[in-house]
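Read-outs: derived from the displayed coordinates by stated rules, not from any lab. As the structure is a computational prediction, the values presented were derived from the model and not from experiment. Cβ atoms come from the backbone with ideal geometry, glycine included; neighbour counts cover every protein chain shown.
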Amino acid sequence: MAYDNQNIFARILRGELPAIKVYEDDQVLAFMDIMPQADGHTLVIPKTAAVTLLDLPAENAAYTIQIVQKIARAMEKGLGVEGIVLMQLSGTAAGQTVPHVHFHLIPSSVHELGKHAIQMGDQEKIAALAEKIKAAL
Ligand code: AMP
């Protein structure tokens, strides 16, 4: 699938839409999911224009995973959680709804996950959780 420059995450990367950010560098952005499947649900995205994981150059994927580890450690420390579900939906057939590759970090057990991208979270609560993650980075 061709990359759509108007997808929501491309617009967040360009600063056209707001996001509650927890980490950013020249290659990667991490921000809070607005429809969390558990408290603290965070997304990590490479800045590279790629729809699925399979479109992402291997070196970008490798760097993004380093940041996934960094954010996961900060979530464990800052939120006081032990287990984190790492989810990556690659392709619409898998349920991917935003066509820019991203990794979900969800502090939960796979047996207790909320439904995917269904209900808006409480934005103040999400912002408070983001502060805890940022403080632990
Ligand atoms: P996926 O279905 O794997 O593509 O996941 C897309 C995720 O993006 C879902 O978990 C949505 O809740 C989340 N999402 C959609 N729009 C936004 C937004 N504007 N800011 C933050 N997260 C979003």
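Structure above, values below:
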item	result
Selection count where residues are under 18 Å from N60 (Cβ atoms) and either aromatic (F, W, Y) or within 13 Å of the ligand (Cβ to nearest atom) (or both), scope region 15-30	3
Residue among E82, E16, E112, E59 that alone is under 24 Å from A135 (Cβ atoms) and over 12 Å from the mean Cα position of the chain (by Cα)	E82
Meets criteria (within 12 Å of the ligand (Cβ to nearest atom) and in a helix (DSSP H, G or I)) for A10	yes
Which listed residue is out of contact with any helix residue (DSSP H, G or I) (no Cβ under 8 Å at 6 or more places or on another chain), of a type outside the set (G, A, S) and under 20 Å from Y3 (Cβ atoms), from V110, V51, V44, V68	V51
Wholly enclosed strands (runs of 3 or more DSSP E) of region 23-137 bearing at least 1 residues surrounded by fewer than 17 Cβ atoms within 10 Å (Cβ to Cβ)	85-87
Members of region 4-19 found to be surrounded by fewer than 16 Cβ atoms within 10 Å (Cβ to Cβ) and touching a helix residue (DSSP H, G or I) at 6+ places or on another chain (Cβ under 9 Å), listed by number	D4, N5, E16, L17, P18
Selection from region 81-103 of residues that are more than 8 Å from the ligand (Cβ to nearest atom), in contact with a Leu (Cβ under 7 Å, 6 or more places away or on another chain) and not hydroxyl-bearing (S, T, Y)	I84, V85, L86, V101, F103
